[in-house]
Every structure is written in structure tokens, then in C-alpha cells.
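Just below is one structure, and these are the notes that go with it.
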Amino acid sequence: MVVILENNATEQQIENIVKHLEDYGFQIHRSSGVQRTIIGAIGVKPGFDTRKVKILDGVSDVYRVTAPFKLASRSFQEGNTIIKVKDVEIGGTSIAMMAGPCSVESEDQIFRLAKVVAESGSKILRGGAFKPRSSPYSFQGMGEEGLKLMRAAADEYGLIVITEVMEISQIELIEKYADIFQVGARNMQNFSLIRELGKTSTPIMLKRGLSATIEEWLMSAEYMLAQGNKDIMLCERGIRTFETYTRNTFDLSAIPVVHKKSHLPVVADPSHATGFRDQVAPMARAAVAAGADSIMIEIHDDPENAMSDGPQALLPEEYKTLVQELNLIANAIGRKLL
Ligand code: PEP
Ligand code: MN
């Protein structure tokens, strides 16, 4: 931590600041220029609240040098984390596609869409059985029945299942049917939920919160890693900004930033990030170019009557075309689509 003092900090204030830092367990390096004194406080204290120093008299600014997350950081683990789920790898050279409806709606629907996913060569079936909806009056998902249908459809077509877990009480149930847990944007900082999920050995995809900084997002991943689950992937799904022509703002730059700061794989979800069908393919192409390790796409064959998120769902043929385009882009950067 670097502590920059006010120009006019008195010797007494400086001594007080130094004493506080030493009491917190830091080693101190003081350097005094003509105008200002700068104090280097050395010591790894991941949870330290820098405001404790910022409020001391005579302090102008405080900067953290090391990131507050440890297990998630690139300095902790240099090589990329590769998550193996059955015969699929996420985080390696292949880019794994995840596709399916927003919600599981019926047996017929999920089997039809699982077939589309498999025919496209994709390996991971998405679909919500427990839905986090902004309105309590909207469709809330089929629950366990939806999980059963999704598992059956995935097994029929040799696919892997990813589905959202919203509450601690659902963990055991969902683990029976799913291969990857999805933590939704609205639950990114549900610390009791993510801590419990961290105790499982099922891979987890952690979506970025609607207004979460990248650091907060990585801190939530840290919660799960600290509990022992090493198979954590992060999913950029758009953040809330002042823009209204898109549902959210797709923060593409988060992809290279996370790759630099962390060894964890990054999934991109252009469906929720944009909210409109015509924006999904361009942003999916951009996400592959930006280095995403996996792309999640919502699809539907009757989007007009979809129970949720119909306007952002790609039609089966659109998805198949997109997969081919993404493969070309992946090839251009030394990767391939899965
Ligand atoms: C979803 O994937 O269906 C979903 C609800 O996503 P998010 O949590 O990103 O809104
Ligand atoms: Mn959705």
C-alpha cells in the first residue's frame, strides 16, 4: 500500500500515521521529498480496508498495490485454469459453446432445442428451471420438473447441462441434475449462496452483477475458491449504464482485463448483454475475437411465445450460422469452436 501525505502534514501527524500502520502489522518505508512525504506500507493483508488509513489526519491518498483477491489472481496461478466437465474443457484452446432457451418450458420444447444445440456441434445445454425475474408476476420457472426434462434432453443428445441455482436450499437438488451451476447476475454478491456453492465440487459459472466492478466480481469468485471449489468460470453478461438502446452494455473489455488479472476462464453472454436478437450475433463475434473462452447464447424456435427473453433468442438457423462464423473467427486467433 502506498500512502501519500498532504503537502503540509506535520511531523506529529506523520508519526501517528506510521504508528497506525505498524499497529496494523505493516512494515514501513518512509520517503520524504521537498514537498511531500510518501509512506510505503509493506505486508500482504487481503481484507485490509484502506479507508482506515485514508481518514487519518495528514493523509492525502492511499493506493493498494496488490489486488484484494488472491486465489483468483494470475500471480497466484500463472497458467490458465482449464475446467473439465465430462469430455468438454473450458479455458483451454477450444471455445465451448453453451446454448439453449432462457427457460425450460415443456418437454417438447427442451428436446427440440437440445437437438438444435447438438446438431450445431455444441456441447453445453443451457436453460433455467428456477428463474430470477424482475417481476414476481412473471414466469418463475418449472422447478424440479424442468431440471428433469433438461437432464433427459441433454442425455438424449449427449450434452452437458448448465442451469441457475438461486438459493442455498436448491443446491442439493440441482446438483443431481446439472453439470455446471450458474450463479445469476442478481446473486453475484449473495455471499451465503456463493460460499455454500464453493463447498461443492461441481463447476460454477459466476455471472457478473448488473453494477459490479471487475474487482467485486473477482472477489466473489474468491469466495468460492476460498471454500475449495477450483472450477470457477466468470461470465460477462453486460452491465447497467445510461444507455437505453441496448438492454445492458456489453463490457467486452472485461474479457482481456479478467484474463490479465486472473487465471479463471471467461464466458461471454451477448444475449443478456444486448437483449435484442439483432445485436446478439455481432457481439458474439466480437467476444470470440476478444478472447472469450466460451459463449452462451439463448435460442428459441418460437420466440414470440417464449415464456421469457424471447426478443433476445436466436432462431435455430441463426444459431447454426453463428456457430460457423464464430469458428472462422476462432481459427483466426489459433482456437477452434466446440
Ligand atoms: C439467464 O441466464 O437466464 C439469466 C437470468 O441471466 P442473468 O443472471 O445474467 O440475468
Ligand atoms: Mn434469459
**Q.** Mean-position separation - Cα centroids, segment 120-146 and segment 234-303, in angstrom
**A.** 19 Å
Q: Would you grab the residues whose amide H sits under 5 Å from the one on residue 299? Only those 5+ places off in sequence or on another chain, please, with H modelled 1.01 Å from N.
A: 100, 102, 314
(Q) Please give the charge dipole size of the chain, origin at the Cα centre, charges +1 on K and R Cβ atoms and -1 on D and E Cβ atoms. Round to the nearest 20 debye. (A) 880 debye
(Q) Which residue fluctuates most in the GNM of the chain (Cα springs below 10 Å): 42, 194, 295? (A) 42
Q: Could you pull out which residues in segment 44-64 have an amide N less than 11 Å from a spot 7 Å beyond the Cα of residue 16, following the Cα-Cβ vector?
A: 56-59
Q | Surface per residue (accessible, 1.4 Å probe) for the chain, Å² | A | 45 Å²
Q | Average Cα contact separation per residue, the chain, under 8 Å, 6 or more apart, as relative contact order % | A | 16 percent
Q. Which number comes out as Rg/Rh for the chain once both Rg and the Kirkwood Rh are worked out on C-alpha atoms?
A. 1.07
Q) From the cross-link list 123/230; 123/320; 86/230; 86/176; 176/199; 86/320, which pairs have alpha carbons spaced over 19 Å apart? A) 123/230; 86/320
(Q) Test of understanding: what is the full-extension gain from residue 2 to residue 80, defined as 0.36 nm times their sequence separation minus their Cα-Cα distance? (A) 25.1 nm
Q. Roughly how many percent of the accessible protein surface of the chain is carbon and sulfur, given a 1.4 Å probe and a whole-percent answer?
A. 50 percent
**Q.** Potential lengthening between residue 29 and residue 169 on full extension [0.36 nm per residue; Cα-Cα distance subtracted]
**A.** 45.4 nm
Q) For the pair residue 215 and residue 63, how long in nm is the line joining their label points, each one 7 Å along Cα→Cβ? A) 1.3 nm
(Q) Of 262, 238, 280, which is farthest towards the positive pole of segment 238-338's charge dipole, taken about the Cα centre with +1 and -1 on the beta-carbons of Lys, Arg and Asp, Glu respectively? (A) 262
Q | Selected from 315, 113, 21 as most flexible by GNM, with the chain as the system and alpha-carbon contacts under 10 Å | A | 21
Q | Of all DSSP beta bridges in the chain, antiparallel share, percent nearest 5 | A | 40 percent
Q) How large is ³J(HN,Hα), in whole Hz, for each residue of segment 302-310 in order, when computed from phi with the Karplus curve 6.51 cos²θ - 1.76 cosθ + 1.60 and θ = phi - 60°, using x for Gly and Pro? A) 9, x, 4, 9, 5, 6, 7, 6, x
Q.
Quick check: residue separation of residue 321 and residue 189 times 0.36 nm, minus the Cα distance between them. What number comes out in nm?
A. 43.9 nm
Q: Between 305, 80, 187, find the one with the highest GNM mean-square fluctuation for the chain; connect C-alpha pairs within less than 10 Å.
A: 305
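The values are calculated or read from the model by the stated rules, or taken from the named source; none is laboratory data. All of these numbers come straight from a predicted model, not from anything done at the bench. Heads up, the Cβs are rebuilt from the backbone with ideal geometry, glycines too, and the neighbour counts pull from every protein chain shown. Heads up: the accessible areas ignore ligands, DNA and RNA and are worked out on the full protein's heavy atoms, side chains in. Shrake-Rupley method; radii C 1.70, N 1.55, O 1.52, S 1.80 Å.
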